[in-house]
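Each remark here refers to the structure printed beneath this line.
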Amino acid sequence: MKVCIVGGGGGATNAANVIRNLDKNAQVDIFTNRDDIGNLPCEVPFVISGKLPSWESSFAFKDKFYKERNIDVHFNSEVSEIIRREKRLIAAGNTYGYDKVVLNLGSIPYIPQIPGLDGRNEYFLTTWTKHGKEFEKFIPEYKSAAVIGVGQIALEVAEILKEKGYEKVYLLGRSEHIFRAYLDADMTGTVEDAIKENGIELILSARILNVKTSRNKKILSLPDKDIEVDFIFFATGMEPNTELARRSNIKLGDTQAVAVNEYLQSSDPDIYAIGDCMENYERIAGTKIRYQTATNAARTGRIAGKNLILGNVLSYEGTVMSFVTEAFGYQIGTVGFNESRAHEHGFDFVSSITKTATRRRPFGGKPIQIKLIADRKTRHLIGAQIIGEEMVSGKVDKLAVAIANRIPVRQLSLIDTCYSPTLGAGYEAVTMALDELEEKLT
C-alpha cells in the first residue's frame, strides 16, 4: 500500500500515525510546501505573546516521531498535480505513484476587498510558523494597530499588542457584537467591557470605506472618522484551500470545500479529504458547513487513516461545532446553534440565561453565565453558550455529548454530577441552567 498525504497539518500527522499503526509495511509519504511539520497552529499566538518560550516549544511532533514510524516527509515539496487516471502525483518536479491519497490542504486567510490595500504594513496569521515569526519580528517596531475582525484570533492579537505596550489598538468588526458566529448579543457584554477596560477601542458595525498608506502609516477611513495606525492586522476568517482539488477535477460541495461521503472519500474513492479543506456537516439540522478547527483535523485524520487501510469501517458523523477560547481573563465556550442560526434553520426554540458561580465563593468560586437553547417541539438541547473565568471547557464538552445524542433537557438535568467543595458546586451550574430551561419549556 502506497499512501500519499498532501499537506503537513495536524490532520496529516494523525492520519499517518494511524496508517502506520494499522499497516507496518505501508509506504507513507507526507508532502508539504513548508520547511517544518508538527507544530500546533493554535499555539502560534502563545509563542508571540511569550506564554510559550520558543517556537520549538509549539511543536508536538518532532523529527524523531516521523523517523521512528518510517514516515517520509518531503519538505518544500508542493504537490502541483494529481494525475488520477494514472494514480500518480507530481511534487517539486518529481513523480510519485499512489494507491490512496489523503488531502490535508488546510485553509487560507480571507482578506476583505477594501479599496487601497497595498500589502504594506498589512499582516495576518496562518497555521504556518513562518507567518507567525514574520509578525513577531515586526511587533516591536510599532506602537499602534488596527485589528480587523472580532473573533478568536482578533481578540488574541489585540490582547497581545496591549500587553506589549502598544499605545493604541483598535478592534474593528462588521457585526454588531463580538464572536457573532458563536455568541448572541445578550452574552457578549462582559467580554466587550473587558476589552474596553484594557484600553482597546472597540468599533462594532464598522464600515471601512478605504485604506491609504501615507508616511509609512495606514489610514483607515470610516464614515465618521479616520484612524491612523502603524499597521493593519487581518483576522477576518479562513477559506478552504481547494485549488489543487479544482485542478484535479475533484468535486467541491455547496460550501466550496471538498465534498466527502460518510467515510471522508472525495468524488474519487481513492482520495480522502480531511480537516479545513473538507466540507463538513452539522448534526443538529444536517446542513453542510465549513468547520475549521484543530480537533476536527485530528479527528478526521484518524478516521480517514483507519478507513483507507481497513476498508471504510468507520463513519464520520458530523460535528456539533464545539468551540472554546480565552480572552481578557474570560473563557468563552459554545456548542451547537446560537439564536440567529436556530432562526435560520426554522427552529421554534426556547432559551434561558443563568448566572451563578462555579463553586462556593469561600473555595474560590467565580461567576459563570450560561445560555441554553432548546427546540420547543422535541425538548432537545440545540445550543449552549458559556462565559466564565474557569471550568468552561468541561461543561461545553458535556453539553456537546447531550446535543449530539439528542438527550432531552429533563433527562440531562437529572444526571448525577460529581462534587467536592474545592472542585465544583453541589447544585452544579449546568444542572441549574437546565432546570431553568426546563421550566420555560413546560
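The values are calculated or read from the model by the stated rules, or taken from the named source; none is laboratory data. Just so it is clear, the model here is predicted, and its values are computed rather than measured. Here the Cβ is made from the backbone with ideal geometry for all residues, glycine too, and neighbour counts use every protein chain on show.
At a glance:
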| read-out | value |
| --- | --- |
| Cβ-Cβ under 7 Å pairs, at least 6 apart or on other chains, region 130-159 side polar (S, T, N, Q) and surrounded by 17 or more Cβ atoms within 10 Å (Cβ to Cβ), far side assigned to a loop (DSSP other than H, G, I, E, B) and modelled with pLDDT of 95 or more | Ser144/Tyr166; Ser144/Glu167; Ser144/Asp230 |
| Those residues of region 179-221 which are of a type in the set (A, V, I, L, M), farther than 30 Å from Ile373 by Cα and either buried (at least 18 other Cβ atoms within 10 Å of the Cβ) or touching a residue at least 24 places away in the same chain (Cβ under 8 Å) (or both), in sequence order | Ile200, Ile208, Leu209, Val211, Leu220 |
| Residue match in region 266-287 (condition: in contact with a Lys or Arg (Cβ under 8 Å, 6 or more places away or on another chain), more than 21 Å from Asn307 (Cα to Cα) and not assigned by TED's automatic domain parsing to the domain that holds Gly132) | no |
| Strands (runs of 3 or more DSSP E) contained in region 316-357 and holding at least 2 residues buried (at least 22 other Cβ atoms within 10 Å of the Cβ) and touching a helix residue (DSSP H, G or I) at 6+ places or on another chain (Cβ under 7 Å) | 330-336 |
| Members of region 294-314 found to be farther than 13 Å from Ile274 by Cα and either small (Gly, Ala, Ser) or in a helix (DSSP H, G or I) (or both), listed by number | Ile309, Leu310, Gly311 |
| Some residue of region 91-107 being surrounded by fewer than 22 Cβ atoms within 10 Å (Cβ to Cβ), more than 20 Å from the chain's Cα centre (by Cα), part of a strand (DSSP E or B) and hydrophobic (A, V, I, L, M, F, W, C) | yes |
| Qualifying position, being free of Cβ contacts under 8 Å to residues at least 40 places away in the same chain and within 27 Å of the chain's Cα centre (by Cα), among Asn261, Asn241 | Asn261 |
| Check on Lys212, outside the structural domain of Glu81 (by TED's automatic domain parsing), in contact with a strand residue (DSSP E or B) (Cβ under 7 Å, 6 or more places away or on another chain) and within 30 Å of Ala146 (Cα to Cα) | yes |
| Scan of region 76-113 for residues that are free of Cβ contacts under 8 Å to residues at least 60 places away in the same chain and under 30 Å from Val150 (Cα atoms), ordered by number | Gln113 |
